[in-house]
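The values are calculated or read from the model by the stated rules, or taken from the named source; none is laboratory data. Predicted, not measured: the structure shown is a model, and the values here were computed from it. We place every Cβ from the backbone using ideal geometry, glycine too, and count neighbours over all the protein chains shown.
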Amino acid sequence: MIDGGIWANNPVMNALVDALACFDIARENVRILSLGTGESTFTVDERARTGGIKEWALLRSFNAAARAQSRNALGQAYLLVEKNNVTRIDVPESDAPIALDDVERSVRELPMVARSLIDGAGHHIERVFLDGTVEKFIRCPTR
């Protein structure tokens, strides 16, 4: 599979299609827990509005496409297994995202963000995904 940031910024549909193809399971019995990494607030500033292709060619167009792909994948999953069977946990949008290499800020801020997300959805996740026993995982046969 190709890197998530290149092909499937949100791989929920990849997982759903694999699960339905590999296992004899009815769509209404599928439960999905989708963990996001957050999004930057998408804005079009004056520089982007007047900058032409130079401003849009790579970063802005890629960010817009990645965001659209993620939302589209979630929408498709909602339609296939019903929205109440999909739980999406994501940090709130930010106009000041943490850079991938900013370890100091990550260590300082992420534990508080994680705690608030767990407090908000923890009981629901435990009830839907962690309560009960499951059959042993069997790898999907390759052909």
Q: Report, by residue number, each residue of segment 127-143 that is in a helix (DSSP H, G or I) and either of a type in the set (Val, Ile, Thr) or loosely packed, with under 11 Cβ neighbours inside 10 Å (or both).
A: 127, 128, 130
Q) Out of segment 114-143, which residues are among the small types (Gly, Ala, Ser) and closer than 16 Å to residue 30 by Cβ? A) 132
Q: Name the helices (runs of 4 or more DSSP H) wholly inside segment 1-107 in which the number of residues that are farther than 28 Å from residue 141 by Cα and at pLDDT below 90 is 2 or more.
A: 46-50, 61-81
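Return the residues of segment 77-92 that are surrounded by 13 or more Cβ atoms within 10 Å (Cβ to Cβ) and not polar (S, T, N, Q); say none if nothing qualifies.
Hits for segment 77-92 are 77, 78, 80, 81, 86, 88, 89, 90, 91.
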Q) So which of 101, 95 is touching a residue at least 40 places away in the same chain (Cβ under 8 Å), loosely packed, with under 12 Cβ neighbours inside 10 Å and more than 24 Å from residue 31 (Cβ to Cβ)? A) 95
